[in-house]
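Undergrad: Sharing a structure, written as structure tokens. Questions coming.
The values are calculated or read from the model by the stated rules, or taken from the named source; none is laboratory data. Quick caveat, the model's predicted, so the values are computed rather than measured. All Cβ positions, glycine included, derive from the backbone under ideal geometry; neighbour counts span all protein chains shown. These accessible areas exclude ligands, DNA and RNA; they are computed on the full protein's heavy atoms, side chains included. Shrake-Rupley method; radii C 1.70, N 1.55, O 1.52, S 1.80 Å.
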Amino acid sequence: PTTSPITELGALRRSQVWMTLFVGIVGFGGMFAVYTYIASTLTDVAGLARAFVPVALMIYGLGMVVGNYAGGWLADRYQLKGTFVGLAATAVFLAVFVVAAHNPITALLLVFLIGASGSSVVPGLQTRLMDVAEDAQTLAASLNHAAFNLANAIGAAVGGAVIAAGFGYTAPAAVGSGLAVAGLGVLATAMWMDKRSAAR
């Protein structure tokens, strides 16, 4: 339907729009904390040859494709609960990657699972944003991608900081798991706010 800039900007007055954006900014940062340094992690920690890194990235990409389909299925059937499951899985897989990264086979398996679980969150958040934005869905849809780009920057910066501090290439996964848990906290708060509003 026809809309206007003023109507679209009205999305910024809605608290649930901001809460959903924060879920993406914080929760998705964990995935990018690992992905940014994945080549060095796989070669220096897992012991993979550099020539194999493109194959590992392809495995990650395949995981994202699977996760996108799974995330759409979860969003259709379980709405926000499905997003919660995807983000919780991301937190778990990032934590496991700290140990799994020391073996090439388990490292590649976790690369796939991190890509799948992380991207499974996207359809639910996109749907959520368009639902809570009401008549400002165009701006809300674009803000979702802006939130993920900000998560990319934050994840890379945090991951780089722990590596620079001497904690090694597995440290971004540990910090990333913490970011995903923080995103779960924001999401749980948003769900509680929804219930409280419905009760009123």
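Undergrad: Under a Cβ-only charge scheme (Lys and Arg +1, Asp and Glu -1), can you give me the dipole magnitude of the chain about the Cα centre, in debye to the nearest 20?
TA: That gives a dipole near 320 debye.
Undergrad: Roughly speaking, what is the centre-to-centre gap between the range 64-126 and the range 1-54 when only Cα atoms are used, to the nearest Å?
TA: The range 64-126 and the range 1-54 have Cα centres separated by 13 Å.
Undergrad: Let's test the formula: R0 of 41 Å, r as the Cβ-Cβ distance of Ser15 and Thr106. What FRET efficiency results, to the nearest 0.05?
TA: About 0.50, to the nearest 0.05.
Undergrad: By its C-alpha gyration tensor, with a ≥ b ≥ c as the square roots of the eigenvalues, how is the range 93-164 shaped: rounded for a/c under 1.5, else prolate for a/b larger than b/c, else oblate?
TA: oblate
Undergrad: Can you send over the solvent-accessible area of His102, 1.4 Å probe, protein chains only, in Å² to the nearest 10?
TA: Counting only protein heavy atoms, His102 exposes about 120 Å² to solvent.
Undergrad: Oh, and also: Run the numbers for Ser4 and Asp135: contour at 0.36 nm per residue of separation, minus the present Cα-Cα distance, in nm.
TA: Once the chain is fully extended between Ser4 and Asp135, it gains 46.2 nm.
Undergrad: So what are the ³J(HN,Hα) numbers for the range 182-189, from phi and the Karplus equation (6.51, -1.76, 1.60; θ = phi - 60°), rounded to whole Hz, Gly and Pro as x?
TA: Couplings: 4, x, 4, x, 5, 5, 4, 5 Hz.
Undergrad: Note down the nm distance, to one decimal, between modelled labels 7 Å out along Cα→Cβ at Ala164 and at Met191.
TA: Spacing of the two 7 Å Cα→Cβ label points: 3.6 nm.
Undergrad: Extension gain Ser142-Trp73, at 0.36 nm per residue separation less the Cα-Cα distance, in nm?
TA: Stretched out fully, the Ser142 to Trp73 stretch lengthens by 22.7 nm.
Undergrad: Let me ask you something else. Among Tyr35, Leu113, Ser197, whose Cα sits farthest toward the positive end of the charge dipole of the chain (+1 at Cβ of Lys/Arg, -1 at Cβ of Asp/Glu, about the Cα centre)?
TA: Highest projection toward the positive end goes to Ser197.
Undergrad: What list of ³J(HN,Hα) values in whole Hz, one per residue of the range 31-42 in order, does the Karplus curve 6.51 cos²θ - 1.76 cosθ + 1.60 (θ = phi - 60°) give from phi, with Gly and Pro shown as x?
TA: With coefficients 6.51, -1.76 and 1.60, one gets 5, 6, 4, 7, 4, 4, 10, 5, 5, 5, 5, 5 Hz.
Undergrad: Quick check on the range 123-200: take the gyration tensor over C-alpha atoms, sort the square-rooted eigenvalues as a ≥ b ≥ c, and tell me if it's rounded (a/c under 1.5), prolate or oblate.
TA: oblate
Undergrad: To continue, here is another question. Relative contact order (percent) for the chain, with alpha-carbon contacts under 8 angstrom and 6 or more residues of separation?
TA: Across the chain, relative contact order equals 40 percent.
Undergrad: Which one of Leu57, Ala91, Asn103 has its Cα pushed farthest toward the positive end of the charge dipole of the range 1-109, where Lys and Arg give +1 and Asp and Glu give -1 at the Cβ?
TA: Ala91
Undergrad: Given the alpha-carbon gyration tensor of the chain, what are the semi-axes of its equivalent ellipsoid in whole angstrom, ordered largest first, with each equal to the square root of 5 times an eigenvalue?
TA: Working through the eigenvalues yields semi-axes of 32, 16, 15 Å.
Undergrad: Please label the shape of the range 24-128 as rounded, prolate or oblate, based on the square roots a ≥ b ≥ c of the eigenvalues of the alpha-carbon gyration tensor (a/c under 1.5 means rounded; beyond that, a/b larger than b/c means prolate, else oblate).
TA: The shape class here is prolate.
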